[in-house]
Amino acid sequence: MDSSKKLISVEFEIFGLVQDVFFRKYTKKTAKRLGLVGWVINAESGTVQGLVEGPEDKVAEIKNWLENEGSPESRVDKAVFTNEKEIDKLSFESFTVNDYD
């Protein structure tokens, strides 16, 4: 199967100055532009966490964006990606910004 057609799911956690700098909004905008689905949340620990699904090449693009770019006012110190796996179908219909309780 062509790698651009292979569907990938990956969880992420972004460390640094990533809350109160529109990081989630820009993550959603970037995911939508790339045609990805999933979610993003401000964690109580001060990080931003989320899950993204979509074609392998587009997931690679957002991983690069999360690690090296982020929102204009953010400062990414570290990006951790976990549970990356191939999936048969998408688990979400869109990309959402969620709030923690």
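The values are calculated or read from the model by the stated rules, or taken from the named source; none is laboratory data. Just so it is clear, the model here is predicted, and its values are computed rather than measured. All Cβ positions, even for glycine, are placed from backbone atoms using ideal geometry, and neighbour counts span all protein chains on display. Quick note on the areas: whole protein, heavy atoms, side chains included, nothing else; ligands and nucleic acids left out. Shrake-Rupley method; radii C 1.70, N 1.55, O 1.52, S 1.80 Å.
Consider Asn83 carefully, then state whether it is without any contact (Cβ under 8 Å) to a residue 12 or more places away in the chain and either open to solvent by 60 Å² or more (accessible area, probe 1.4 Å) or farther than 18 Å from Val37 by Cα (or both). When the stated conditions are applied, Asn83 does not pass them. Scanning segment 28-45 for residues that are open to solvent by less than 60 Å² (accessible area, probe 1.4 Å) and either over 16 Å from Asn98 (Cβ atoms) or in contact with a helix residue (DSSP H, G or I) (Cβ under 7 Å, 6 or more places away or on another chain) (or both) yields Thr30, Ala31, Leu34, Gly35, Leu36, Gly38, Val40, Asn42. Within segment 25-41, not a single residue is without any contact (Cβ under 8 Å) to a residue 40 or more places away in the chain, assigned to a helix (DSSP H, G or I) and aromatic (Phe, Trp, Tyr).
Only one of the numbered conditions (1) over 23 Å from Lys6 (Cβ atoms); (2) assigned to a strand (DSSP E or B) is violated by Gly54, and that is (1).
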